[in-house]
Amino acid sequence: MGQSKVPVKGPSREASGAEPPGVSAGQPAPTKPTPARESVAAIVSPELLERAQAGDHGAFAEIYSLHKRRIYSLCLRMLGNPAEAEDLTQEAFLQLHRKIATFRGESAFSTWLHRLAINVVLMRLRKKGLQLISLDEAMEPTTEERPGRSFGGDDLSLTGAIDRLALQRAINDLPAGYRLIFMLHDIEGYEHNEIADMLECSIGNSKSQLHKARLKLRDALRVHPRGEGQR
Amino acid sequence: MSEEIKSMKCAEFQAQLPELIESGARAAEDPHVKECDLCRELLENLEAIAEAARQLFPEVEPPEELWEHIDSAIKKDKG
């Protein structure tokens, strides 16, 4: 990805097919595009599922093949580290093997598996002692985040494109709790009530942290005109 | 419009922004956004960042040998 940039304004490249589906530069970004957890997931047939639930190891291996990309990618996004992502993918499929017989079809299998993997990730993050949610950060904005400070002036606006590397760095630099909620909501597509349930916090807290995460990313990507670079 | 009144409207808009985005409403069509350059810029920036972030994390294949590790972990778990 290196120096490549994501255009913010400018002529649409949609017709050329240069951008992934759903991305059209120069037009208002869709407010709720397809999230990662709703990406085209391979369908596990009822017969395959039934065989795996009955202990057929070959059927389980087939389920792994159908879902390995999605679960590994989820772990990689959440941890940002390939070795840990492998470890967590292994743990998620081990958990799946233990629990697959208990799946009763209340939700789609892919949704159930995704949530199981999220729980594995959260357990790991908690084990690492990371503060996943700041309980003292309710909806009340702090001084530095009050309107006026968080709005750009002429010297603080984003330029016409977002540098992927700078954005990657900015996301990695977010405090753990902000990063987690940003990833769960904006990338994985979970709603605030689901995040609140997973993290055992209030919906307001989840909303507040997401907004602060977005503002922090914007701050990190602002460009100064006098050659001060990005901060 | 005085700066103070304008700032009040910006404050109100920002307070509602997480809800506006979450609800899927067309925040860009909010009356305040239409008349306030700063808030319009804020909204455009946040949408552009979220969209750019989604492009940063495509699905990738895990290493081939991962299944072998999982397979042996399952066998160990059974035993």
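Which condition from (1) modelled with pLDDT under 85; (2) over 23 Å from A:S73 (Cα atoms); (3) not hydroxyl-bearing (S, T, Y) is the one that A:I162 breaks?
(2)
For the stretch A:61-70, does any single residue satisfy the condition of being more than 10 Å from chain B (Cβ to nearest Cβ) and in contact with a Ser or Thr (Cβ under 8 Å, 6 or more places away or on another chain)?
To start, the set of residues in the stretch A:61-70 that are more than 10 Å from chain B (Cβ to nearest Cβ) comprises A:62-63, A:66-67.
Retained after the next criterion (residues that are in contact with a Ser or Thr (Cβ under 8 Å, 6 or more places away or on another chain)): A:67.
Yes: the stretch A:61-70 contains one or more residues that are more than 10 Å from chain B (Cβ to nearest Cβ) and in contact with a Ser or Thr (Cβ under 8 Å, 6 or more places away or on another chain).
If a residue must be of a type in the set (D, E), under 30 Å from A:G80 (Cβ atoms) and assigned to a loop (DSSP other than H, G, I, E, B), how many such residues does the stretch B:21-79 contain? Steps first, answer last, please.
Step one: list which residues in the stretch B:21-79 are of a type in the set (D, E), which gives B:22, B:29-30, B:35, B:37, B:41, B:44, B:47, B:51, B:59, B:61, B:64-65, B:68, B:71, B:77.
Within this subset, residues satisfying the condition of being under 30 Å from A:G80 (Cβ atoms) are B:22, B:41, B:44, B:47, B:51, B:59, B:61, B:64-65, B:68, B:71, B:77.
After this cut, where a residue has to be assigned to a loop (DSSP other than H, G, I, E, B) as well, the list is B:59, B:61, B:64-65.
So the count comes out to 4.
The values are calculated or read from the model by the stated rules, or taken from the named source; none is laboratory data. In this text the structure is predicted, and so the values were computed from the model without any measurement. When we count neighbours, we look across all protein chains shown, and the Cβ atoms used for this are built from the backbone with ideal geometry, even at glycine.
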